[in-house]
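Colleague: Supplied in structure tokens, the structure appears directly below.
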Amino acid sequence: METAMKPQHISLDLSKWVLLPSTSTKRKLRDLNGFFADTQATKSILKSGQDPIIYEVYECLQPQEVGHLNLGTTIVHPGKIGEEFYMTKGHFHAKEASSEVYLGLEGEGLILLQSRTGNSECLAMSQGDVIYVPPGWGHRTVNVGAERLAFFFTYQADAGHDYESVQKRGFSKLVVERHGRVQVVGNPRFMTKT
Ligand code: F6R
Ligand code: ZN
């Protein structure tokens, strides 16, 4: 089957981790209101007039039809809200039967993965690590380092994103700094959040 799209050449800027051409989306703290466990910390930062950029996504092509792949890069900045490290919102793919691949480019990250039935996994991702996200596993990326975390991603173009489930129920695990160490701990508000 030949599609309307011609074969594409895309460049990756190896210092900025930006794909060319691409469109960028910046996610600020205000966009993640309710995603970090410490809602008071979020509120007081926003109230003080600050609204830091938590992460940036650079996507190219963005075809929607079956058969295509979406691809892009994400840069998660270093930092914490309360004791919780900066992270992406996290999502399930709306089309459950779709998968995704991440390739670590720079920095130190953890990927939280969880299934709809409550199974969870946590995988480390740094430069050169390839992470395969199988169908049905929600995923969130956390920057646990002092520098930016950058990774490349590709997934089925018709996968769609379900952020609502994550916003309502949270992830079962949180990645926090306690006693100067990175710790993956249970989320006391998981499933009980309304
Ligand atoms: C796409 C995907 C990544 C994320 C990106 C931002 O399916 O997993 O490209 O979209 O890292 O994270 P979210 O989408 O959770 O805000
Ligand atoms: Zn995804």
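Colleague: Does R148 meet the test of being in contact with an Asp or Glu (Cβ under 8 Å, 6 or more places away or on another chain) and loosely packed, with under 14 Cβ neighbours inside 10 Å?
Modeller: Here the answer is no, as R148 does not meet what is asked.
Colleague: Taking the condition under 25 Å from P188 (Cβ atoms), in a strand (DSSP E or B) and modelled with pLDDT of 95 or more, does I45 pass?
Modeller: no
Colleague: Which one is surrounded by the fewest Cβ atoms within 10 Å (Cβ to Cβ), of the residues in the range 62-88 that are touching a strand residue (DSSP E or B) at 6+ places or on another chain (Cβ under 7 Å) and assigned to a loop (DSSP other than H, G, I, E, B)?
Modeller: Top of the filtered list is Q62.
Colleague: Collect the residues in the range 173-194 that are of a type in the set (A, V, I, L, M) and at pLDDT below 95, keeping them in residue-number order. Full working, then the answer.
Modeller: Looking only at the range 173-194, we keep the residues that are of a type in the set (A, V, I, L, M), and these are 174-176, 182, 184-185, 191.
The answer is M191, and nothing else.
Colleague: Pull out all pairs, ordered by first then second residue, where Cβ-Cβ is under 8 Å, the residues are six or more apart or on different chains, the first lies in the range 21-48 and is at positive phi, and the second is at pLDDT 95 or above and crowded, with 18+ Cβ neighbours inside 10 Å.
Modeller: G34/T42
Colleague: Right, something else. Across the range 62-86, what is the number of residues that are within 16 Å of ligand 2 (Cβ to nearest atom), farther than 19 Å from K16 by Cα and among the hydrophobic types (A, V, I, L, M, F, W, C)?
Modeller: 1
Colleague: Here is a further query. Go over the candidates S126, S165 one by one and state the one that is hydroxyl-bearing (S, T, Y) and away from ligand 2 (no atom under 15 Å from the Cβ).
Modeller: It is S126.
Colleague: Let me ask another. Restricting attention to the range 114-138, report how many residues are within 11 Å of ligand 1 (Cβ to nearest atom) and either over 12 Å from the mean Cα position of the chain (by Cα) or of a type in the set (A, V, I, L, M) (or both). Let's see the steps before the verdict.
Modeller: Pass one, the range 114-138, residues within 11 Å of ligand 1 (Cβ to nearest atom): 131, 133, 137-138.
Next, from what is left, pick out any that are either over 12 Å from the mean Cα position of the chain (by Cα) or of a type in the set (A, V, I, L, M) (or both): 131, 133, 137.
So the count comes out to 3.
Colleague: Out of (1) surrounded by fewer than 21 Cβ atoms within 10 Å (Cβ to Cβ); (2) in a loop (DSSP other than H, G, I, E, B); (3) within 16 Å of ligand 2 (Cβ to nearest atom), the odd one out for F171 is which?
Modeller: The single condition F171 does not satisfy is (1).
Colleague: Taking into account only those residues within the range 92-144 that are part of a strand (DSSP E or B) and of a type in the set (D, E, K, R), which is surrounded by the fewest Cβ atoms within 10 Å (Cβ to Cβ)?
Modeller: Applying the filter and picking the extreme gives E121.
Colleague: To continue, here is another question. State yes or no: is A4 of a type in the set (A, V, I, L, M), part of a loop (DSSP other than H, G, I, E, B) and free of Cβ contacts under 8 Å to residues at least 60 places away in the same chain? Steps first, please.
Modeller: On the way: of a type in the set (A, V, I, L, M): yes; part of a loop (DSSP other than H, G, I, E, B): yes; free of Cβ contacts under 8 Å to residues at least 60 places away in the same chain: yes.
For A4, the condition - of a type in the set (A, V, I, L, M), part of a loop (DSSP other than H, G, I, E, B) and free of Cβ contacts under 8 Å to residues at least 60 places away in the same chain - is met.
Colleague: Okay, moving on. Among the candidates V133, V101, V144, which residue alone is β-branched (V, I, T), more than 19 Å from W17 (Cβ to Cβ) and modelled with pLDDT of 95 or more?
Modeller: So the residue among V133, V101, V144 that is β-branched (V, I, T), more than 19 Å from W17 (Cβ to Cβ) and modelled with pLDDT of 95 or more is V133.
Colleague: Within the range 141-194, track down each residue that is free of Cβ contacts under 8 Å to residues at least 24 places away in the same chain and β-branched (V, I, T).
Modeller: Listed by number, the residues that qualify are V185, T192.
The values are calculated or read from the model by the stated rules, or taken from the named source; none is laboratory data. Bear in mind that the values here come from a model prediction, so they are computed numbers and not experimental data. Counting neighbours? That spans all protein chains shown, and the Cβs are built from the backbone with ideal geometry, glycine included.
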